[in-house]
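What follows is one structure encoded as structure tokens, with my remarks underneath.
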Amino acid sequence: MKHTHPVPGDIGLTTISGVTGALIRLGQWINKDGFADYEHVFLVLPDDRLLEAEPGGARIIPLSAYAGDEVLYVCPERLTERQRTAICDAATRYVGVPYSFLDYVAIAAHRFHLPVPGLRRYIAGTGHMICSQLVDQCYQDAGVHLFADGRWPGYVTPMALYNLLAR
């Protein structure tokens, strides 16, 4: 479900310019998630704040940081206020969790069925996360499972969230 005005528990989808954005788009295409222009996601929190994964670690910043950017806000249909609260409560536990570019490599390795020992455990690990894994984990911690397709925990990209919630 798409929103025009974000509310706590919503997922913000946006673009990343430059080489980083291009590499993420390529990685999403390799993973068969499409080649559209959503390379970053964040979780909307109460009090006009958001949680996002960044190379320096997950952080909470003002929602106004994206005021001039094009952001698509989405959430599952029939998400209750109780669930939204639990999702946002879960988010605070992940502040400072390191970002891991290697998660993109691990996701691609899984996509190509490469026999990498410990791959499932690495992708599911919450000690390091890319933005889409962080948001998905907050939902899971609140008992809201976004994907019902049998995917591995943590096997989620920004475009996977777009394809699930915005199409």
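The values are calculated or read from the model by the stated rules, or taken from the named source; none is laboratory data. In this text, all values refer to a predicted model and were calculated from it rather than measured experimentally. A quick note on method: Cβ atoms are made from the backbone with ideal geometry, for glycine too, and the neighbour counts reach across all protein chains shown. Ligands, DNA and RNA are excluded from the accessible area calculation, which covers all protein heavy atoms including side chains. Shrake-Rupley method; radii C 1.70, N 1.55, O 1.52, S 1.80 Å.
With springs connecting C-alpha atoms under 10 Å apart, model the chain as a Gaussian network and identify which of ARG121, ARG93, ARG78 has the largest mean-square fluctuation.
Highest fluctuation among the options: ARG78.
For helix 131-141, report the angle its Cα long axis makes with the longest principal axis of the Cα atoms of the chain; keep it between 0 and 90° and round to the nearest 10°.
Taking Cα atoms only, the helix is inclined about 70 degrees.
Grab the DSSP H runs of the chain that are 4 residues or longer, score each as -39,500 (n - 2.57), total them, divide by all residues and round the 222 nm result to the nearest 500 deg cm²/dmol.
It comes out at -10500 deg cm²/dmol, rounded to the nearest 500.
What is the sum of charges around VAL7, taking Lys and Arg as +1, Asp and Glu as -1, for the other residues whose C-beta is under 13 Å from the C-beta of VAL7?
So the environment of VAL7 carries a net charge of -1.
Distance in nm between label sites at TRP152 and ASP89, each 7 Å beyond Cα in the beta-carbon direction?
3.1 nm
Can you give the accessible area per residue of the chain, in Å², using a 1.4 Å probe?
Dividing the accessible area of the chain by its residue count gives 50 Å².
Just to be sure I understand the model, the point goes 7 Å from the Cα along the line to the Cβ. What's the resulting LEU114 to SER64 distance in nm?
So the label points at LEU114 and SER64 sit 4.4 nm apart.
Assuming 0.692 mPa s and 37 °C, estimate D for the chain with Stokes-Einstein, Rh taken as the Kirkwood radius over Cα pairs, in µm²/s.
Estimated diffusion coefficient is 208 µm²/s.
Which residues make up the longest stretch of the chain clear of GluC sites (Glu not before Pro) that lie in a DSSP loop with no more than 10 other Cβ atoms within 10 Å, not counting the sites?
Segment 78-167 is the longest.
Of ASP141, ASP69, ASP149, which has the largest mean-square fluctuation in a 10 Å C-alpha GNM of the chain?
In this elastic network of the chain, the residue with the biggest mean-square fluctuation among ASP141, ASP69, ASP149 is ASP149.
Show SER64, SER132 ordered by accessible area, largest first, where the area counts protein heavy atoms only and the probe is 1.4 Å.
Putting SER64, SER132 in descending order of accessible area: SER64, SER132.
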